[in-house]
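One structure, pasted below without further comment.
Each value in this text was obtained by applying a stated rule to the coordinates, not by laboratory testing. These numbers were taken from a predicted model, which means no experiment stands behind them. With ideal geometry, Cβ positions are generated from the backbone for all residues, glycine too; neighbour counts draw on all protein chains shown.
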Amino acid sequence: VLELTETERTPAKGGTDAGAAASAGTSIRQVGDNRYVVDRDEVDHSIENLSTVVTQMRAVPYLKDGKSVGFRVFNIRAGSLFERMGLKNGDVIQSVNGSELNDPSRALALLDEVQTSDEIRIDLLRDDHPNTLTYSIR
């Protein structure tokens, strides 16, 4: 039996708990069509708790003409980080900040970039139509 417990977090800047802000949905705010503002604390908390975050959805390689062109996401949990980011079941994430996601190791390599970026751009296919989601990190 493997039992996992949530670790205690210290309050973020301004005296609020980053986890509580995330639960309230205030750490990611939609500010326009496909544009979001994300609190830096949300990014840091998500990367620190990556093992929990990755259980909030599933992703599988998406092949076109026998070649991997991204990852299809599905089983996105209600209220999860991914839902609050505007991702939908069936989206095919093709690139992050211009870097193609054509294999799992590339996705993991992008973690460092995402952690230090002030803006993240996700290019994806939604219902077979190209779409871009943009996140400003503050």
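Using each residue's phi in segment 117-131, evaluate 6.51 cos²θ - 1.76 cosθ + 1.60 at θ = phi - 60° and report the 3J(HN,Hα) Karplus result to the nearest Hz, with x for Gly and Pro.
Using θ = phi - 60°, the values come out as 7, 8, 9, 10, 10, 10, 9, 8, 9, 10, 6, 6, 10, x, 8 Hz.
Just to be sure I understand: if I project the alpha-carbon convex hull of segment 26-138 onto a plane and average over all orientations, what area do I get in nm²?
So the Cα hull casts an average projection of 6.7 nm².
Alpha carbon centre of segment 51-95 versus segment 99-133: separation in Å?
For segment 51-95 versus segment 99-133, the Cα centre distance is 11 Å.
Sticking with this one: Can you work out the FRET efficiency for the pair VAL37 and ASP112, with r the C-beta to C-beta distance and R0 = 30 Å, to the nearest 0.05? Please list the in-between numbers first.
On the way: r = 22 Å, r/R0 = 0.73.
Computed FRET efficiency for VAL37 and ASP112: 0.85.
How are the C-alpha pair distances of segment 81-138 spread across 10 Å bins, as whole percents from the shortest bin up?
All Cα pairs, binned at 10 Å, distribute as 22, 57, 21, 0 percent.
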